[in-house]
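Data first, discussion second: the structure below is written as structure tokens.
The values are calculated or read from the model by the stated rules, or taken from the named source; none is laboratory data. Keep in mind that what you see is a predicted model, and the values were worked out from it rather than measured. Methodologically, a virtual Cβ is constructed for each residue, glycine included, from the backbone with ideal geometry; neighbour enumeration extends over all protein chains shown.
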Amino acid sequence: MAAEAQIEALLDAMVRAEASDLHLTAGAPSFLRVEGRLSALPAVSSEALAAWLQARGGVWEALRSRCAGVDFACTHAGRRLRGNAYLVRGGVALTLRLLPARIPTLAEIGAPPGFCALAQARHGLILVTGRVGAGKSTSLAALLGEMMAGGAGLHVITLEDPVEYLYAAPGSLVHQRELGRDFLSFDEALRSALREDPDVLLVTELRDLAAMRAALTAAEAGMLVLSTLHARTAAEAVQRLADFFPADERAAARASFAASVTAVVSQRLVHGMAGRQAVFEVLLRTPAICRMIHDGEERQIPSVMLAGRREGMTTFAAEGRRLYVAGRITQQGYEELLGGRMDGGLFVSGTPS
């Protein structure tokens with residue numbers, strides 16, 4: 001127990017500081033990430049890491065046998081943690097992410113009106129995009145939570161790796177399935193979901209071509225599919241989705257996406273007045289957007305988004321300006337968002353996005 005107590009103490013520090021991440025490496029200093037910055041903590045021994053992972057239900061065995069990173073989730077002091085254990089030069093390392101104490105509302109994460117309106121959606125494909133650590137999973141959880149809070153009585157199936165947030169809503173049926181425990185591949189589970197009568201299907205990430213095909217099929221079949229994708233902007237997400245497919249299939253893939261897309265929401269975390277602040281851009285389904293997706297005209301999408309403010313669309317540039325003027329994000333956060341700097345109140349940048 002003395003060995004495990006080293007890590008338990010660090011987890012306590014993580015929860016007290018509301019740190020986003022805890023990085024542990026055998027025999028090296030530990031690090032907390034608070035509001036985007038790393039701070040050093042005492043080192044942990046290889047014995048402590050091994051003992052702690054062995055108590056996590058097969059994580060240690062999977063790590064040593066597969067010689068590959070292992071994703072898992074656990075609970076500490078009543079808080080959910082998402083973990084990834086991996087090997088570094090033969091030694092063990094571990095990254096733990098602290099999830100919010102409860103699923104936040106869309107208002108609490110600062111979602112703009114166009115994003116909030118998606119809680120009423122009941123069919124099609126909604127993608128949330130952004131870099132690793134941008135908060136995509138939390139945004140999806142907030143969206144799904146508000147859908148169920150509406151009292152519609154939904155059957156929700158989630159396909160996760162691992163299960164992070166635990167959902168519960170009176171009147172709704174929720175089946176949360178975990179990769180490796182409840183299903184073997186996302187594409188297989190997506191195809192199976194077509195026969196399981198879900199109203200909402202949440203997939204933590206569209207990782208490969210097979211999963212992408214299955215998600216489009218489910219959305220075209222009338223389900224509401226929620227998922228994430230790594231892309232910096234909404235327009236880039238459209239291009240990335242097409243790029244999953246072989247060249248001779250891209251035209252058909254674009255047609256399928258244009259027929260099924262409901263929205264693409266992109267997000268970034270920047271310096272705010274009270275810690276890290278999420279900033280969103282929102283692309284919504286309109287005839288013009290569908291035509292551009294179908295025809296491969298992604299470069300024109302941002303200008304249509306700017307013109308679509310009444311429909312609820314917004315870009316990073318427009319939303320960042322609104323939040324900066326409202327005093328929600330700092331000058332540093334605004335510059336972070338757009339990749340430039342403020343000079344005498346004017347924005348100076350090479351390529352605002």
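Is there a residue being assigned to a helix (DSSP H, G or I), farther than 29 Å from ALA274 by Cα, of a type in the set (D, E, K, R) and out of contact with any Lys or Arg (no Cβ under 9 Å at 6 or more places or on another chain) anywhere in the range 117-133?
The answer is no; no qualifying residue exists.
Looking at (1) touching a residue at least 12 places away in the same chain (Cβ under 8 Å); (2) not β-branched (Val, Ile, Thr); (3) not in a loop (DSSP other than H, G, I, E, B), which one does SER192 not meet, given that it meets all the others?
Of everything listed in (1) touching a residue at least 12 places away in the same chain (Cβ under 8 Å); (2) not β-branched (Val, Ile, Thr); (3) not in a loop (DSSP other than H, G, I, E, B), SER192 misses just condition (1).
Could you identify the single residue in GLY333, GLY327 that is more than 18 Å from ILE126 (Cβ to Cβ), out of contact with any helix residue (DSSP H, G or I) (no Cβ under 7 Å at 6 or more places or on another chain) and surrounded by 20 or more Cβ atoms within 10 Å (Cβ to Cβ)?
Within the list GLY333, GLY327, the selection yields GLY333.
Are there any strands (runs of 3 or more DSSP E) wholly within the range 215-300 with 2 or more residues that are assigned by TED's automatic domain parsing to the domain that holds GLY320, farther than 22 Å from GLU188 by Cα and in contact with a Ser or Thr (Cβ under 6 Å, 6 or more places away or on another chain), and if so which?
261-272, 275-284
Do we find that GLU196 is closer than 28 Å to SER30 by Cβ and in contact with a strand residue (DSSP E or B) (Cβ under 9 Å, 6 or more places away or on another chain) in this structure?
So GLU196 does not fit the description; no.
So that you can scan it fast, the table gives a plain yes or no per residue for (1) of a type in the set (Gly, Ala, Ser); (2) under 16 Å from the mean Cα position of the chain (by Cα); (3) surrounded by fewer than 22 Cβ atoms within 10 Å (Cβ to Cβ):
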{"site": "ALA193", "(1), (2), (3)": "yes, no, no"}
{"site": "ALA221", "(1), (2), (3)": "yes, no, yes"}
{"site": "LEU224", "(1), (2), (3)": "no, no, no"}
{"site": "VAL265", "(1), (2), (3)": "no, yes, no"}
{"site": "LEU269", "(1), (2), (3)": "no, yes, yes"}
{"site": "GLY275", "(1), (2), (3)": "yes, no, yes"}
{"site": "VAL279", "(1), (2), (3)": "no, yes, no"}
{"site": "ILE293", "(1), (2), (3)": "no, no, no"}
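Residue-by-condition table, conditions (1) touching a strand residue (DSSP E or B) at 6+ places or on another chain (Cβ under 6 Å); (2) at pLDDT 90 or above; (3) closer than 26 Å to GLU146 by Cα; (4) aromatic (Phe, Trp, Tyr):
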residue	(1), (2), (3), (4)
ARG16	no, yes, no, no
GLY69	yes, no, no, no
GLY91	yes, no, no, no
THR95	yes, yes, no, no
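Output the qualifying pairs, or none if there are none: Cβ atoms under 6 angstrom, residues six or more apart or on different chains, first residue in the range 274-296 and farther than 21 Å from LYS136 by Cβ, second residue of a type in the set (S, T, N, Q).
If the second residue must be of a type in the set (S, T, N, Q), the pairs left are MET292/GLN300.
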